Each structure stands twice: as structure tokens, then as C-alpha cells.
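Taking it in order: structure first as C-alpha cells, then the write-up.
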Amino acid sequence: MGSDRFSDRFTTAARLKAIGQEAQARVYRAAARRPVRRNKLTGRAALLALVLCALVVALAYPTRQYIAQRADIADQRRAARQAKQKVEELREEKARWQDPDYVRTQARAHLHFVLPGETGYSVAGGAAADSDPAAERRATDEAAAHRPWYDNMWDGVDQADAAAAPRH
């Protein structure tokens, strides 16, 4: 019986060892089947990122130039339309100046011409009879717009002073 016990132990130990080796082999096989985790940035991904960055840098300047040129073209077209419109206005004005009645009217209005048999009058020292007070005000406002603000302010003070001063 004593020797049975010893052989029993030996076989149990041998069995445990064999089971341990089997378990170890199973763990290694399972680990071999599982994919190895690599870095997320592989060599191909890095190369692709580098190529994309190079393309962006290479295309940025031409794209900016293209957009700027398109804006210049739009500006030139707008200027051409305005020039055509101005040419049409000048053609219309030229056609009006070809009419003798229009020339006569303009000469009378701006140059104070009179026809033979008419009597022209000029008032010395006074405002012209056909002058417009609104036009005079606009002219004064335009002149004031080109002067410094402090000159305009002092002119206003002087005018208020002159209006408030009693006349003797």
C-alpha cells in the first residue's frame, strides 16, 4: 500500500504537470491567434498625411491667386459697364448739343445771351433774379465741408453774435 501511495502521488504530480503544460500551450496559442495591437499611426498613414499636407501647401497659393484674379475680372467688368454707361450719356449729351434750340437755351441760361431785339438786364450788387436760395445754401455747405471744423464753429459763433448784437 505504501508503494501505491507513492506511485499515486507521482502520477498525480505528473498529471498536474501535464495539465499545466497543456493550459500554458492553450494560452500561447490563443495569444498567437489574437492580432497584435500596433500604433494607430502606421507608416502608410504618415506618408498619406504628408502627401495631403504637401498638396494643401502646393495648392494654397494658386488657389488664392485664382480667387484674386476672379475678383479683378469682376471689377474690370463692372468698370467696363460703367464706362459704357458714361459713353451713352455723353452720346446723348452730344446729340442734345447738335440741336440749335438746346444751344440757344444753354447760352441764355449760362452766358446771359440775348437775342436781337431783346433787352438784357443785370442787377449790380444784388443776387441774380434766377438764383436759387437752396443752391446758394448747398454751395455754402460744400465750402464749409472743405474747411476745418473749428473754422466752421467760429463762423457759427460770429454769426450768432452778429444776429444778437443790437444795431445802432
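Each listed q (0.13, 0.18, 0.22, 0.23 Å⁻¹) maps to a log10 I(q)/I(0) for region 17-111, found by the Debye formula over equal Cα scatterers with no solvent: -0.82, -0.97, -1.08, -1.11. With R₀ fixed at 30 Å, the C-beta to C-beta distance from ALA60 to ARG81 puts the FRET efficiency at about 0.40. Each label was represented as a point 7 Å from its Cα along the Cα-to-Cβ direction; for ALA46 and THR119 these points are 10.8 nm apart. If the chain linking ASN152 and ARG29 were pulled fully straight, counting 0.36 nm for each residue of separation and taking away their Cα-Cα distance, it would gain 34.4 nm. The chymotrypsin sites (Phe, Trp or Tyr not before Pro) of region 79-127 that DSSP puts in a loop, and whose beta carbon has at most 11 other beta carbons within 10 Å, are TYR121. Taking 7 Å steps out from each Cα toward its Cβ at GLU142 and GLU92 produces label points 2.1 nm apart. The loop-placed trypsin sites (Lys or Arg not before Pro) in region 26-125, going by DSSP, that have at most 13 neighbouring Cβ atoms within 10 Å of their Cβ come out as ARG37, ARG38, LYS40.
The numbers here are math on the coordinates, done by the rules we state, and not lab data. No experiment lies behind these values; they were computed from the predicted model shown. So basically every Cβ, Gly included, is an ideal-geometry build from the backbone, and we count neighbours across all protein chains shown.
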